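Notes to accompany the following structure.
Laboratory data are not the source of any read-out in this text; all were calculated from the coordinates shown. Quick caveat: nothing in here was measured; it's all calculated off a predicted structure. Cβ placement follows ideal geometry from the backbone for every residue including glycine, while neighbour counts extend to all protein chains displayed.
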Amino acid sequence: MNSDIERRQRFELVAAKVYEPLQRYLRRRATPDDAADALSDVLLTVWRRLDNVPPDIPLPWCYGVARRALANQRRGRQRHLRLVERMTTEASTSPAHEVDDPALEAALSELTESDQELLRLWAWEQLEPREIATVLQTTPNAVSLRLTRAKAKLESKLRRQDPFTAGQKRDRHTEEHRP
Amino acid sequence: MTDELRNRLSRLDPMASDVPTEPVTTESSQHLLEEIMTTPNLEQPGSSDSPNKRPWIAAVAAAAVVIVAIAAVGLLSGDGGGDPIAATPPLELNAGGEDIMASCIAFSVEYLAPMPVAFEGTVVSAVGDTVTLDVDTWFKGGDAAQVVLNAPQGLEALIGGFPFEEGTQYLITASEGNVNYCGFSGESTPEMRAAFEEAFGS
């Protein structure tokens, strides 16, 4: 019985740490209804796999479970190919989200979905390569490599999307070298 | 520059910290947690055969794809966490040599659709005769996080194939455990992805 109480306490501690960040993670990538369903799925997995959850930094592990929960939802409902499109539409029409950087958004949308996801995990979830590796079930080295390339690709697209800014930089550069 | 890019990207976040989420302390949150804690704890640590995996195993066996459990993904991740539900072993396929599409029938969605295995993945390593891809999207035939392609004759010996580069995303189909070439697998392009979506989408 004591072990039951101890288990509940451990779960409640983890849940308190991940509850709100998980909502953000899921709502960045799914509709509110799907996010709510996935949140229950993730917490259920945390409860069932409590011994496998890293107690100090449970979030990357939970993001990994959330990622699979969303993937399962997409497969289960046979609509996985439409979700990204729908999410993009919803994100851009969400009252909480006012895009004030269309050049960056356009450049980001030109990257592959896996590059976009890497950059989201890095910038939105504020994860480091080691933590992203836990989410994506790969190695930190592979993440570092892919992240470096994704950033370079984004910056390259951005230079093309954002000629005004690039032009400003060029002008400044030219002026600096004037006698 | 990196910090600047990260900050700039974070400003696109539709769920930035000023967007409210439901606190864990609300009545409905507590109700959800309580409901979960009344669920029986079915899994034992280290259990390797969760019910979640069974449909996938059946589906892939039906597709006659060779699966070799070379390593649990948890081990590859290096975090030592050993998440049992993450332990779906990588799908292993043969690449190169005389594949069944060697006669190179004309590419069409009609021929693409019956392929038993189709996914989009990013190459995380291409070393020796082995290419490892992280799966970004499963269209058909699996749910492993990674797929390993073996080219026993070496990657250079691929007939009608294409080079695999780390960090690049590919669309791959396979039949009978072999990767198909001749346009039925290749580097991911918007046109090819559209064909995959048409062939395997809902």
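Numerical summary
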read-out	value
Cut-off 13 Å between beta-carbons: net charge of the residues surrounding B:Val109, Lys and Arg +1, Asp and Glu -1	-3
Amide hydrogen neighbours beyond the local backbone of A:Glu128, cut-off 5 Å, H modeled	none
Linear extension gain, A:Asp56 paired with A:Asn72, 0.36 nm per residue minus alpha-carbon span	3.0 nm
